[in-house]
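Chemist: First the structure, then my questions, so here it is.
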Amino acid sequence: MNFKDLSLEEIIAKIKSGETSQKEVWDYFANRIKKYDEKVQAYNFVNENGFIEADINSPLAWVSVWVKDIFCEKWIPTTCASKMLENFVPPYDSTVIKNLKTAGMNSLGKLNMDEFAMGSTSESSAFRKTKNPWGINRIPGGSSGGSAAAVAAGLAPASLGTDTGGSIRQPASMCGIVGFKPSYGRNSRFWVMAMASSLDCPGTFTKTVKDAGLLYDIMNWYDEKEDTSIEGKQTINPSIWDKKDLKWYKIGLPKEYMEEWLDEGVRKVILESVEKMKELWAEIVDISLPMTKYAIATYYILMPAEVSTNLARYDGIRYGHNSTLPHENLEEVYQNNRWEWFGDEAQRRIILGSYVLSAWFYDAYYKKASQVRTLIREDFDKAFTQVDAIISPVSPNVAWKIGEKIDDPLKMYLSDAYTIPASLAGLPGISVPAGFAISEDAEKEELPVWLHILTPQFEEERLLEIAHVFETSTPYSKISPKWFED
């Protein structure tokens with residue numbers, strides 16, 4: 001049976017009906033990994049002996065859901081794609097993994113990413129460079145590039161990722177699948193390796209919006225071990241999947257998101273999406289988010305500050321690599337360990353974060369950035385008094401060629417211009433199928449462009465309903481890259 005084009009929901013239904021078995025599903029995806037992953041390079045570790053056959057009546061029926069290499073998983077290597085943690089094997093599961101295993105998840109292995117989730121291309125991984133299934137000369141996005149590429153190539157029915165400034169929504173768009181980031185605090189961060197603690201948010205990559213809702217129902221849970229976890233559990237009302245139109249919804253289109261940096265092909269697809277929403281009876285409202293222009297600068301002050309604090313624990317003494325370089329004192333031990341085992345992007349952000357937190361520059365940079373973050377959040381609060389949801393591009397470009405921007409971090413950072421503001425405000429967001437655009441380079445390849453939808457904080461049900469109606473009104477979720485046809 002061919003499972004690569006089936007949704008998670010469809011595979012679970014076939015197992016529960018007896019049409020297929022848990023082992024057949026496991027073997028199918030394990031064989032596709034052996035056949036195609038050398039080309040995609042999505043996996044850092046494959047747990048070949050990890051199959052579990054158990055109660056088919058569990059919510060996930062023991063279907064395999066693949067995991068970004070940043071979630072601690074008991075007795076499974078968890079490296080954050082960094083030499084610093086190359087040999088780290090945690091003795092515990094993160095809360096999100098525990099929730100999914102309780103619901104009947106088989107985990108086949110760990111997926112590649114940017115080192116410590118720092119990047120927008122997955123090129124900063126210490127182990128491999130993941131390719132985009134729509135063009136193996138192109139980046140899959142980042143930092144959760146392996147998670148997006150695995151689902152897009154049919155190597156997994158679904159996968160887990162984390163989103164700090166766009167690391168789920170952006171690679172989902174570039175690889176042509178659904179990427180869902182819930183409100184900050186909905187999914188526990190406990191034993192998910194921290195990058196920027198006030199921004200990190202676990203989420204999912206799936207073939208459909210309905211699959212995203214299925215996993216969210218299982219993953220979101222109050223976690224008393226995690227200080228930012230939201231009390232209570234949100235259960236998605238199944239009636240939202242029956243809605244066929246967007247009648248009574250007011251959808252905001254921010255003028256600032258349609259101006260600078262936007263490729264013409266991407267602009268055309270987004271404007272076509274606006275027309276489709278009108279056909280679905282949505283009212284489109286022009287809105288303004290004036291603080292948007294400060295979002296990238298704000299993010300690249302606050303995020304590195306938190307990075308420098310979180311990565312201070314990796315000193316090679318308690319755990320992580322310990323350098324064999326000669327040293328004369330403890331300071332040189334720390335210096336050797338950190339410079340030898342952290343990659344360029346991690347070092348860049350640690351240095352920048354230490355700088356903005358220093359006594360001389362804290363007020364000038366970190367404090368002001370925190371104040372601007374509040375203004376960005378207030379922008380969204382004001383906008384949501386006028387509209388029910390906001391739409392925009394996910395990224396100003398389609399996927400670019402591997403190596404094209406790696407030596408120019410500023411250009412790379414701009415790819416998250418439309419996802420960062422929502423992260424700073426803690427909003428739920430989703431990337432859904434919208435169309436295709438021709439790349440603006442010499443290859444002129446047709447590549448995915450996905451639509452970014454936002455709703456107010458904790459309004460995930462509304463977000464999933466709007467996204468599902470839009471997704472099912474277009475044919476794009478059914479189109480897969482041709483490289484990986486059986």
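Chemist: The stretch 218-279 to the stretch 410-486: how many Å between their Cα centroids?
Modeler: Cα centres, the stretch 218-279 to the stretch 410-486: 10 Å.
Chemist: Under a Cβ-Cβ cut-off of 11 Å, what is the net charge of the residues other than F29 that fall near it, where Lys and Arg count +1 and Asp and Glu count -1?
Modeler: Computed value for this residue: +1.
Chemist: So for the stretch 239-313, what percent of the C-alpha to C-alpha distances run longer than 16 Å?
Modeler: The answer is 67 percent, as a whole percent.
Chemist: Using every pair of alpha-carbon atoms in the stretch 1-44, split the distances into 10 Å bins beginning at 0 and state the percent of pairs per bin, rounded to integers.
Modeler: Distribution as computed: 26, 49, 23, 3 percent.
Chemist: Just to be sure I understand: if I project the alpha-carbon convex hull of the chain onto a plane and average over all orientations, what area do I get in nm²? Mind showing how you got there, number by number?
Modeler: Working: hull surface 88.2 nm².
Result: 22.0 nm².
Chemist: So what is log10(I(q)/I(0)) for the stretch 112-269 at q = 0.09 1/Å, when the Debye sum runs over its Cα atoms only?
Modeler: Cα-only, vacuum Debye calculation for the stretch 112-269: -0.33.
Chemist: Turning to a different aspect of this structure: If each of I438 and L271 carries a label point 7 Å out from its Cα toward its Cβ, how far apart are those two points in nm?
Modeler: The two pseudo-label positions are separated by 1.6 nm.
Chemist: Can you give the direction-averaged projected area of the convex hull of the alpha-carbon atoms in the stretch 55-121, in nm²?
Modeler: 4.8 nm²
Chemist: Taking only the alpha carbons of the stretch 4-163, what extent do you get along each of the three principal axes, in Å, biggest first?
Modeler: Here the Cα extents, ordered largest to smallest, are 43, 36, 25 Å.
Chemist: Could you calculate the contour length gain from K247 to N137, that is, 0.36 nm times the residue separation minus the distance between their Cα atoms, to one decimal place in nm? Walk me through the numbers before you get to the answer.
Modeler: Working: separation 110, 0.36 × 110 = 39.60 nm, distance 4.18 nm.
Between K247 and N137, full extension yields an extra 35.4 nm.
Chemist: Evaluate the Debye formula for the stretch 382-481 with equal point scatterers sitting on the alpha carbons, no solvent, and hand back log10 of I(q)/I(0) at q = 0.14, 0.17, 0.24 Å⁻¹, in q order, two decimals.
Modeler: Debye intensities relative to I(0), on a log10 scale: -0.64, -0.88, -1.27.
Chemist: Cross-link partners among lysines for K444, C-alpha distance below 19 Å, same-chain residues fewer than 8 apart left out?
Modeler: Qualifying lysines at Cα under 19 Å: K131, K268, K401, K405, K482.
Chemist: Sticking with this one: Which of the listed residues, W400, P475, P90, is farthest toward the dipole's positive end in the chain, when Lys, Arg count +1 and Asp, Glu count -1 at the beta-carbon?
Modeler: P475
Chemist: Quick check: convex hull of the Cα atoms in the stretch 236-377, volume per residue, rounded to a whole Å³? If you can, show how the numbers build up before the last one.
Modeler: Working: hull volume 28.9 nm³, N = 142.
Expressed per residue, the convex hull around the Cα atoms of the stretch 236-377 is 203 Å³.
Chemist: Now for a separate question. Taking the Cα-to-Cβ direction at E283 and at E485 and moving 7 Å from each Cα, how far apart do the two end points lie in nm?
Modeler: 4.6 nm
Chemist: Semi-axes of the equivalent ellipsoid of the stretch 441-486: what are they in whole Å, largest first, if each equals the square root of 5 times a C-alpha gyration tensor eigenvalue?
Modeler: Taking √(5λ) for each Cα gyration eigenvalue gives 29, 15, 9 Å.
Chemist: Continuing with this model, one more query. In angstroms, what radius of gyration and Dmax does the stretch 326-442 have, counting Cα atoms only?
Modeler: Cα-based Rg and Dmax for the stretch 326-442 come out at 19.7, 63 Å.
Chemist: Just how large is the dipole of the stretch 1-139 about the Cα centre, in debye to the nearest 20, putting +1 at every Lys and Arg Cβ and -1 at every Asp and Glu Cβ?
Modeler: Values: 18 positive and 18 negative charges, 59 e Å.
My answer is approximately 280 debye.
Chemist: If each of E260 and N322 carries a label point 7 Å out from its Cα toward its Cβ, how far apart are those two points in nm?
Modeler: 4.9 nm
Chemist: At a Förster distance of 35 Å, what's the computed FRET efficiency of Y355 paired with K401, Cβ-Cβ distance as r, to 0.05?
Modeler: Numbers: r = 32 Å, r/R0 = 0.91.
E(calc), rounded to 0.05, equals 0.65.
Chemist: What does the helix-only formula give at 222 nm for the chain: each DSSP H stretch with n ≥ 4 adding -39500 (n - 2.57), the total divided by the residues, and the result rounded to the nearest 500 deg cm²/dmol?
Modeler: -10000 deg cm²/dmol
Chemist: Given Cβ point charges of +1 (Lys, Arg) and -1 (Asp, Glu) and nothing else, what value in debye, to the nearest 20, does the dipole of the chain about its Cα centre take?
Modeler: Rounded to the nearest 20 debye, it is 280 debye.
Chemist: About the Cα centre, and with charges only on the beta carbon of Lys, Arg (+1) and Asp, Glu (-1), how big is the dipole of the stretch 115-185? Nearest 20 debye, please.
Modeler: Roughly 140 debye, rounded to the nearest 20.
Chemist: Okay, next question. Can you figure out the FRET efficiency of T385 with K225, using R₀ = 41 Å and their beta-carbon distance, to the nearest 0.05? Kindly include the intermediate steps, with their values, before the conclusion.
Modeler: Working: r = 36 Å, r/R0 = 0.87.
Plugging the Cβ-Cβ distance into 1/(1 + (r/R0)^6) gives 0.70.
Chemist: Ordered by packing density, taken as the mean number of other Cβ atoms within 10 Å over each peptide's residues, highest first, how do 40-49, 23-32, 227-236 rank?
Modeler: 40-49, 23-32, 227-236
Chemist: Which entries in K101/K368; K233/K293; K83/K225; K16/K247 show an alpha-carbon gap greater than 31 Å?
Modeler: K101/K368; K233/K293; K16/K247
Chemist: If you restrict to DSSP beta bridges whose two residues both lie in the chain, what percentage is antiparallel, to the nearest 5?
Modeler: Roughly 75 percent of the DSSP beta bridges within the chain come out antiparallel.
Bear in mind that the values in this text are calculations on the coordinates, not laboratory data. Keep in mind that this is a model prediction, so the values were computed, not measured. No Cβ is skipped: glycine too gets one built from the backbone with ideal geometry, and neighbour counts run over all protein chains shown.
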